[in-house]
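One structure is given below, encoded as structure tokens.
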Amino acid sequence: MPELPEVEVVRRGLDQWVVGRTVATVTVFHERSVRRHVPGPVHFADLLAGRTITGACRRGKYLWLPLDSGDALLGHLGMSGQLLVESGEAPDEKHLRVRLTFADGDPELRFVDQRTFGGLAVEADAAGLPPSIAHIARDPLDPEFDDDAFVAGLRRRRTGVKRALLDQTLISGVGNIYADEALWRTPLHFARATDTLTRPLATKLLGHVRDVMNAALAQGGTSFDALYVNVNGQSGYFDRALHAYGQEGEPCARCGTPIRRDPFMNRSSYTCPRCQPRPRRGRW
Ligand SMILES: [Zn+2]
């Protein structure tokens, strides 16, 4: 699943390749990919055609392209979504769901999504922040993210620290991979109760969350070529830098103890049992 750094790479690509351009035609190949646009695919296309894209924005894993109408094209990549900027002459992808062409010709914008958990919608009065995502907190790469408010909010919670990191109303964009990596670096067990975290420890954790994301962003930002705005949940260019996530049985880079996998919220958590011992008073 694409995490925040990958989505930011896509945003940068969109910023470079579609901002300032006017939409010519919109073709929806699969209605499920615009299901969040309740009035349907024809209405979706009508609101886009003839409109100029004025920006490329992101909040957590949501992307939106403000339009000169005051509406915005809002998108989420889901599990497998890709936004591709390509020549119209390139063969259609097998899982092509939506195509936008532009008044100035090539390249076009394609939404490709094998599993169709992602989707696009046009939202009204959304040039600033689309109302449907206003509840989502800023992410730690956002220049306006408030570190002190996050630390205070985290310590007020009554939950486990990893659950808090995955709570999009507290901090956005932290998925399973970056949560496990930041907890390993700190180090903290995923079930550590947030109300037992000291302010310095919570601040240290936030620093590691940000470091992990910046490291992934730096790698993602150099791995795509100019005309290919790509998110691929299977790509894993960050895999070489992972210390915990997916490393079950591998030696901990700090102490050599085999990394352990535990079930967590229908997924998994990876920890070093020596560096990140399970807390006695921990809550899930
Ligand atoms: Zn260790």
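What the table below lists for this structure:
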| read-out | value |
| --- | --- |
| Residues of the range 44-72 classified as of a type in the set (A, V, I, L, M), under 23 Å from GLY105 (Cβ atoms) and in contact (Cβ under 8 Å) with a residue 40 or more places away in the chain, total | 5 |
| Residue within the range 152-162 that is under 24 Å from ALA241 (Cα atoms) and touching a residue at least 12 places away in the same chain (Cβ under 8 Å) present | yes |
| Any hit, the range 45-55, residues being assigned to a strand (DSSP E or B), modelled with pLDDT of 95 or more and under 30 Å from THR169 (Cβ atoms) | yes |
| Within the range 176-187, tally of residues that are open to solvent by 10 Å² or more (accessible area, probe 1.4 Å) and in a loop (DSSP other than H, G, I, E, B) | 1 |
| Positions within the range 30-43 being among the charged types (D, E, K, R) and either in contact (Cβ under 8 Å) with a residue 12 or more places away in the chain or in a strand (DSSP E or B) (or both), in sequence order | ARG32, ARG35, ARG36 |
| Residue ID - most open to solvent (accessible area, probe 1.4 Å), chosen from residues in the range 121-174 that are in contact with a Phe, Trp or Tyr (Cβ under 9 Å, 6 or more places away or on another chain) and assigned to a helix (DSSP H, G or I) | ARG163 |
| Restricting the range 238-251 to residues that are modelled with pLDDT under 85 and either more than 30 Å from GLY13 (Cα to Cα) or exposed (fewer than 15 other Cβ atoms within 10 Å of the Cβ) (or both), the residue that is nearest to the ligand (Cβ to nearest atom) | ALA241 |
| Selection count where residues are closer than 16 Å to GLY175 by Cα and within 7 Å of the ligand (Cβ to nearest atom), scope the range 252-272 | 0 |
| Tabulated pairs, the range 257-270, first at pLDDT 95 or above, second open to solvent by 70 Å² or more (accessible area, probe 1.4 Å) and among the β-branched types (Val, Ile, Thr), C-beta under 6 angstrom, 6+ apart or interchain | none |
| Strands (runs of 3 or more DSSP E) wholly inside the range 63-120 containing at least 1 residues that are crowded, with 23+ Cβ neighbours inside 10 Å and within 17 Å of the chain's Cα centre (by Cα) | 72-76, 81-86, 105-113 |
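A quick yes/no check of all residues on (1) hydrophobic (A, V, I, L, M, F, W, C); (2) surrounded by fewer than 17 Cβ atoms within 10 Å (Cβ to Cβ):
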residue: ARG11; (1), (2): no, no
residue: VAL28; (1), (2): yes, no
residue: GLY40; (1), (2): no, yes
residue: PHE44; (1), (2): yes, no
residue: LEU47; (1), (2): yes, no
residue: GLY50; (1), (2): no, yes
residue: GLY55; (1), (2): no, yes
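The values are calculated or read from the model by the stated rules, or taken from the named source; none is laboratory data. Not measured: the values here are computed from a predicted model. Cβ coordinates were reconstructed from backbone atoms using ideal geometry, including for glycine residues, and neighbour counts include every protein chain displayed. Keep in mind that these areas ignore ligands, DNA and RNA; they rest on the heavy atoms of the full protein, side chains included. Shrake-Rupley method; radii C 1.70, N 1.55, O 1.52, S 1.80 Å.
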